[in-house]
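Reading through the structure tokens given below for one structure.
The values are calculated or read from the model by the stated rules, or taken from the named source; none is laboratory data. Here the structure is a predicted model, which is why all the values come from computation and not from measurement. Don't worry about glycine lacking a Cβ; one is built from the backbone with ideal geometry, like all the others, and counts go over all protein chains shown.
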Amino acid sequence: MVKNVVVENNLNTICTSGNCPNIGECWNAGTATFMILGDICTRACKFCATKTGKPLPPDPSEPLRLAESIKVMELKHCVITSVDRDDLTDGGASFWADTIKQIKKLNPDTTMETLIPDFDGNTGSIQKIIDAGPDVISHNIETVKRLTPIIRTKAKYERSLEVLRFISGKGIIAKSGFMLGLGEREDEIILTIRDLHASGCKILTIGQYLKPGFDYMEVVDYVSPEKFEEYRIKSLEIGFSFVESSPLVRSSFHAENHVKAR
């Protein structure tokens, strides 16, 4: 059903654009992560399979089409994300806010997570998302500080922490995630976990990096499930409310549970 509604309403999902390994499990369960503002990103991060280039103008009909689709699918929880839109004055924040409001209007009982870009750290843009009222706001730090300039074209480690700090400071549930397997050291992983917790994050996802195509970063190592479990336990000890940590975990994995974070 999810696939049919997505195709019929010309919607984008990160499930397909990002080659998510959990697509079968999630779609069979009737859930999906929707990607707004087109499927062309203005950034070219070396881990992400989303297309890069000059995006098309935002489609003013998309917020309502998405809201109506979520209603048809009778979703109890939805995740909304987007490509980076550095070509737009506010990074697309106004469009984001309209989308959230349309979804909430037609689906008042549906909880929502928004997985947002960094908006270049513009707090005015981030505030627009907060004011629209999603239940959880997520922004992924993606990797450890040392590797950030190598795999993220424009984003900065400290800026991502500032975004999360701003979100949590407004009383909103903040969430983040990162990948393993890019050559990070264990001490760097623990420091990233501590930095995210210090920023106010309540929820953390940790998954294995998988090379999505020929022109992307190579996998340096495949981390064992046992090691992922060690990081999950350590993160809970540090103070996170929810931690998803295993090789196939992605940022939206079991997202319906994360609205309960305190």
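Structure above, values below:
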{"read-out": "Cβ pairs under 6 Å, 6+ apart, first in segment 126-150 and charged (D, E, K, R), second not in a loop (DSSP other than H, G, I, E, B)", "value": "K128/A93; K128/A97; D135/T111; D135/M112; D135/V259; E142/F178; K145/Y157"}
{"read-out": "Any hit, segment 84-96, residues being touching a residue at least 24 places away in the same chain (Cβ under 8 Å), within 22 Å of E158 (Cβ to Cβ) and of a type in the set (G, A, S)", "value": "yes"}
{"read-out": "Failed item, numbered, when E184 is tested on (1) assigned to a helix (DSSP H, G or I); (2) within 17 Å of P247 (Cα to Cα); (3) touching a Leu at 6+ places or on another chain (Cβ under 9 Å); (4) of a type in the set (D, E)", "value": "(1)"}
{"read-out": "Single residue of segment 52-93 satisfying the filter (in a strand (DSSP E or B) and under 21 Å from V259 (Cα atoms)) that is farthest from the chain's Cα centre (by Cα)", "value": "H77"}
{"read-out": "Top-ranked residue of segment 209-221 - restricted to ones that are aromatic (F, W, Y) and within 22 Å of the chain's Cα centre (by Cα), ranked as nearest to S246 (Cα to Cα)", "value": "Y209"}
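Conditions tested, residue by residue: (1) more than 22 Å from C48 (Cβ to Cβ); (2) of a type outside the set (D, E, K, R); (3) modelled with pLDDT under 95; (4) surrounded by 18 or more Cβ atoms within 10 Å (Cβ to Cβ).
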position: E186; (1), (2), (3), (4): yes, no, no, no
position: I203; (1), (2), (3), (4): no, yes, no, yes
position: M217; (1), (2), (3), (4): no, yes, yes, yes
position: V223; (1), (2), (3), (4): no, yes, no, yes
position: G239; (1), (2), (3), (4): yes, yes, no, no
position: E244; (1), (2), (3), (4): no, no, no, yes
